[in-house]
Amino acid sequence: MPEITIKNFDRSLPDHFVVKLEEAAEKGWWRDVLEDRELVIALRGKSLNVYWKGQSIFKVEAGPLALRASTHEKFLLDPKLSGQIAFDGERFDVTALGTKAFLKSYEGPKSIALMKRAAGIYSGKEKSGCHSIAIANPQVVDVEIALPGTVERNEPGDEITSPRIDLLALEPQGTDKARLVFWEAKDFKNPELGSIRSRLPAPVLAQIATYRAILEAYRPDLEKSYTRLCSNLRRIRGAGGQAVHPLVDEVAIGARKITLGDTPQVNLVVFGFDAGQKQYANWQAHRAALEQALASDGGRLHAVGDPKGIRL
């Protein structure tokens, strides 16, 4: 596979883009996005994504005069479709679908609600769980973080793939710093968690070690980028009359300084198990082994059955 080297890392938006977002916050679809606190807004440097359960229902860029947005066609298929389609043995009669199958115009929050229903069909347990964690923890400032470094793609023109960490949250460090703390999320049944029976290190531990090495290599870029990103978020939310988390606000106004810490911290969050599974002897032993392995590099494990109840 061809390799591509990403030379820098910056998730913050340029000022002219933020200005357009501030202007668009007065009314219309972007105002509706801001007011829907179940959506996650993730900045991407030259664009931003609006996520619902791991699915980007809007990609937004700065056009010459105003915002320019797009969505995947599958999110415009009306999830309320319930009628029968005639079939004569050779052809399906889809004539009527041309007028009712797709959302053709934006009609306020109800259009976003339909898009969310359509997007939810494509979301797995881990994506949905991460989304629940992100909206329950306002100190989360980024999701689906594509790390810089050497990545691969199948053919020229294919989407670039790179290592991705699920969540990034701020944590206070002393009275004048905010630490970047990354979280890798796994469903309880994900084989990358390994098991006590295998007697081999859990694959997720090697994954986290790779993340930590990349983060350390790009320390200056990360700290600068997320300092600017906090300022972006404060302005974007502020234009909609909303406050950001106090840590985000303090970074934005210069009261705290972003730091990666002495060493990058990548934690593990596990969810998707019930009360009975929580008590399995094998899981309890494996959980203890994971906690010990993570702690040796300054990380920690957070395991809660229902991701909606997780507080980072």
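The values are calculated or read from the model by the stated rules, or taken from the named source; none is laboratory data. This is a predicted model, so every value here is computed, not measured. Note: ideal-geometry Cβ built from the backbone for every residue, glycine included; neighbour counts use all protein chains shown.
Of the residues that sit in the stretch 143-185 and are touching a helix residue (DSSP H, G or I) at 6+ places or on another chain (Cβ under 6 Å) and either at pLDDT below 95 or of a type in the set (Ser, Thr, Tyr) (or both), which one is surrounded by the fewest Cβ atoms within 10 Å (Cβ to Cβ)? Checking each candidate, the answer is 149.
Scanning the stretch 89-109 for residues that are free of Cβ contacts under 8 Å to residues at least 24 places away in the same chain, surrounded by 11 or more Cβ atoms within 10 Å (Cβ to Cβ) and not in a loop (DSSP other than H, G, I, E, B) yields 97, 100. Within the stretch 24-51, being assigned to a helix (DSSP H, G or I) and without any contact (Cβ under 8 Å) to a residue 60 or more places away in the chain holds for 24, 30.
Can you tell me which residue within the stretch 194-218, out of those that are among the hydroxyl-bearing types (Ser, Thr, Tyr) and not in a helix (DSSP H, G or I), is farthest from residue 42 (Cα to Cα)? Residue satisfying both the conditions and the ranking: 198.
Among the residues examined, residue 66 does not qualify as within 29 Å of residue 163 (Cβ to Cβ), among the small types (Gly, Ala, Ser) and touching a helix residue (DSSP H, G or I) at 6+ places or on another chain (Cβ under 7 Å).
Note on the stretch 219-304: enclosed helices (runs of 4 or more DSSP H) holding 1 or more residues that are of a type in the set (Ser, Thr, Tyr) are 219-239. Might you check whether a residue that is more than 24 Å from residue 119 (Cβ to Cβ), touching a residue at least 24 places away in the same chain (Cβ under 8 Å) and β-branched (Val, Ile, Thr) occurs anywhere in the stretch 62-72? For the stretch 62-72, residues more than 24 Å from residue 119 (Cβ to Cβ), touching a residue at least 24 places away in the same chain (Cβ under 8 Å) and β-branched (Val, Ile, Thr): absent. Restricting attention to the stretch 42-53, does a residue exist that is surrounded by 19 or more Cβ atoms within 10 Å (Cβ to Cβ) and more than 19 Å from residue 140 (Cβ to Cβ)? Within the stretch 42-53, none of the residues are surrounded by 19 or more Cβ atoms within 10 Å (Cβ to Cβ) and more than 19 Å from residue 140 (Cβ to Cβ). Looking at the structure I just gave you, is residue 135 of a type in the set (A, V, I, L, M), in contact with a strand residue (DSSP E or B) (Cβ under 9 Å, 6 or more places away or on another chain) and surrounded by fewer than 14 Cβ atoms within 10 Å (Cβ to Cβ)? Here the answer is no, as residue 135 does not meet what is asked. A count restricted to the stretch 250-288 and to residues that are more than 24 Å from residue 233 (Cα to Cα), among the small types (Gly, Ala, Ser) and either surrounded by 14 or more Cβ atoms within 10 Å (Cβ to Cβ) or without any contact (Cβ under 8 Å) to a residue 12 or more places away in the chain (or both) stands at 4.
Taking residues in the stretch 185-202 that are on the phi < 0 side of the Ramachandran plot and without any contact (Cβ under 8 Å) to a residue 60 or more places away in the chain, and partners anywhere that are charged (D, E, K, R) and surrounded by 16 or more Cβ atoms within 10 Å (Cβ to Cβ), the pairs with Cβ atoms closer than 9 Å and at least 6 places apart or on different chains are 192/186. Would you please name the residue that is modelled with the lowest pLDDT, looking only at residues in the stretch 62-88 that are in a strand (DSSP E or B) and surrounded by 15 or more Cβ atoms within 10 Å (Cβ to Cβ)? Residue satisfying both the conditions and the ranking: 77. Do the conditions hold for residue 75, that is, is it more than 24 Å from residue 141 (Cα to Cα), touching a residue at least 40 places away in the same chain (Cβ under 8 Å) and either out of contact with any Gly (no Cβ under 7 Å at 6 or more places or on another chain) or of a type in the set (Phe, Trp, Tyr) (or both)? For residue 75, the condition - more than 24 Å from residue 141 (Cα to Cα), touching a residue at least 40 places away in the same chain (Cβ under 8 Å) and either out of contact with any Gly (no Cβ under 7 Å at 6 or more places or on another chain) or of a type in the set (Phe, Trp, Tyr) (or both) - is met. Looking at the stretch 260-311 only, could you name the residues that are closer than 20 Å to residue 214 by Cβ and small (Gly, Ala, Ser)? 261, 293, 296, 298, 299, listed by residue number.
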